[in-house]
Amino acid sequence: MRDLLNRPLRSLRLSVTDRCNLRCRYCMPEAHYEWLPRENLLSFEELTAVVDAAAGLGADRVRLTGGEPLLRRDLPALLRRLAAVEGLRDLALTTNGLLLADLAAPLAAAGLRRITVSLDTLSPERYRALTGRDALPRVLAGLEAAAAAGFAELKLNTVVLAGQNDDELPSIVAFAKEIGAEPRFIEYMDVGGATSWTPGAVVSREGILRRLEAAFGPVEALAKTSAPAQRHRLLDGTVVGVIASTTDPFCARCDRARLTADGVLFTCLYARSGIPLRDALRRGEDPAALLRAAWSRRTDRGAEERLRLGRSRLPLAPASALREDPHLEMHTRGG
Ligand code: SAM
Ligand code: SF4
Ligand code: SF4
């Protein structure tokens, strides 16, 4: 199944909850949020039916995200269901790690293969300032549990923010190496709650590589894959991913769709509106037909369109628009 730009649907991101136990400044900076009503959340049966349909259409990768996915009650039970979906080759999850110390082992036992933990700083004070919670020790305990749980892959996600944590890239690489994780540095994006985003706050891939080269010497770019991260090798063999979603978007190769916890399908992270699947699912309509219809008219190239705006670019949505439509939030549609 191909979209109008000849891109297949290979990957589905499921936001399993819009709630979060952190308030990262670049994602959830407001004091109050209205949560999606609980009765609107897709059940595990409904989520599995959508994944099953996507797998039948050629999608072979699923990533659980949010909000904070570990806040969804009984998450290992969902993973057990998804792990049994035929045709699915890859089951992954992105988490802030706060609840991971207790959940790493049950998640691994339920069939989760790959886990990514978001960590923007190794300084407890900065962590508190960036996320609103004094929770760095909990994340470190979560990472320790993840390293011991036997996942096939452990990654660290770091959003690089000019003047806030861009001096820490070498220490994050060293820390990742110590715990057996692959570090990935992400350019700051202007989506959802990033209402104070400015072009000047972005550290570009070039800037990230310059900082790595200053610390570690020449950095070699590895062959590109369909993954958003371009991987680079340091002289000692350490591999570091850089996701240049802002300065060098990968829309031309983008093969992913996102589903909000209340069943709205977004075919682009930057899309202003999505396709509501929940009511159709609850009326007994075939999820495969719904997905096929949505994908077959897809033309999204959101990040490329944003890039063309140049230095005059403002955040995608002001706080007032986010309050009116929470589906515009990153924590609702899944990062
Ligand atoms: N709560 C989980 C977490 O933080 O890992 C999962 C959801 S979060 C939205 C997924 C990823 O999106 C995180 O790695 C986060 O750092 C990233 N993210 C959120 N807002 C971003 C922004 N404005 N620019 C770049 N990455 C962002
Ligand atoms: Fe931070 Fe993730 Fe929560 Fe957003 S959803 S506030 S990135 S922990
Ligand atoms: Fe895909 Fe949209 Fe992101 Fe481009 S901006 S890579 S089309 S999700």
**Message:** Connecting C-alpha atoms closer than 10 Å in a GNM of the chain, tell me which of Leu281, Leu12, Leu136 has the biggest fluctuation.
**Reply:** Leu281
**Request:** Please state the charge dipole magnitude for the chain, taken about the Cα centre, from unit charges on C-beta atoms (+1 on K and R, -1 on D and E), reported in debye and rounded to the nearest 20.
**Result:** 600 debye
**Request:** Determine the gain in length on full extension of the stretch Ala174-Ser273; use 0.36 nm per residue of separation and subtract their C-alpha separation, reporting nm with one decimal.
**Result:** 31.6 nm
**Item:** Loop sites in region 125-179: trypsin sites (Lys or Arg not before Pro), DSSP, at most 13 other Cβ within 10 Å
**Value:** none
**Message:** What distance in nm separates the two pseudo spin-label positions at Glu86 and Glu285, each 7 Å out from Cα along the beta-carbon direction?
**Reply:** 2.6 nm
**Item:** Dipole axis of the chain (+1 Lys, Arg; -1 Asp, Glu on Cβ), positive-most option in Ala53, Ser296, Leu88
**Value:** Ser296
**Separation of the Arg114 and Ala223 label points, Cα + 7 Å toward Cβ, nm** = 1.7 nm
**Extension gain from Leu314 to Arg292, taking 0.36 nm per residue of separation minus the Cα-Cα distance** = 4.6 nm
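If packing is taken as the average count of other Cβ atoms within 10 Å, what order do 91-99, 75-83 fall into, highest mean first? Can you show the working numbers first?
Values: 91-99: 23.1, 75-83: 18.7.
Per-residue Cβ counts within 10 Å, averaged per peptide and sorted highest first, yield 91-99, 75-83.
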**Fill in**
To the nearest 0.05, the calculated FRET efficiency linking Thr198 and Leu5 through their beta-carbon distance, R0 being 41 Å, is 0.85
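Computed from the mean reciprocal separation of all distinct C-alpha pairs, what Kirkwood hydrodynamic radius does the chain have, in Å?
20.2 Å
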**Where GluC sites (Glu not before Pro) fall in DSSP loop in region 1-92, at most 16 other Cβ within 10 Å** = Glu30, Glu34, Glu86
**Message:** Can you give the local net charge around Val159? Use residues other than it whose beta-carbon is closer than 15 angstrom to its beta-carbon, Lys and Arg +1, Asp and Glu -1.
**Reply:** +1
**Request:** Calculate the length of the line joining the C-alpha centroid of region 145-185 to that of region 1-63, in whole Å.
**Result:** 24 Å
**Item:** Summed residue charge, Cβ within 9 Å of Arg205's Cβ, Lys/Arg positive, Asp/Glu negative
**Value:** -3
**Asked** Which is farthest toward the positive dipole end of the chain among Gly193, Cys254, Gly207, measuring Cα position about the Cα centre, with Cβ charges +1 (Lys, Arg) and -1 (Asp, Glu)?
**Response** Cys254
**Solvent-accessible area per residue for the chain (1.4 angstrom probe, square angstrom)** = 43 Å²
**Request:** Quick one: pull the percent of accessible area on the chain belonging to carbon and sulfur, 1.4 Å probe, ligands and nucleic acids left out.
**Result:** 51 percent
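The values are calculated or read from the model by the stated rules, or taken from the named source; none is laboratory data. All values derive from a computational prediction rather than experimental measurement. Glycine gets a Cβ as well: all are built from the backbone with ideal geometry, and neighbour counts include every protein chain shown. The protein model used for the area step is the full one, side chains on, heavy atoms only, and it has no ligands, DNA or RNA in it. Shrake-Rupley method; radii C 1.70, N 1.55, O 1.52, S 1.80 Å.
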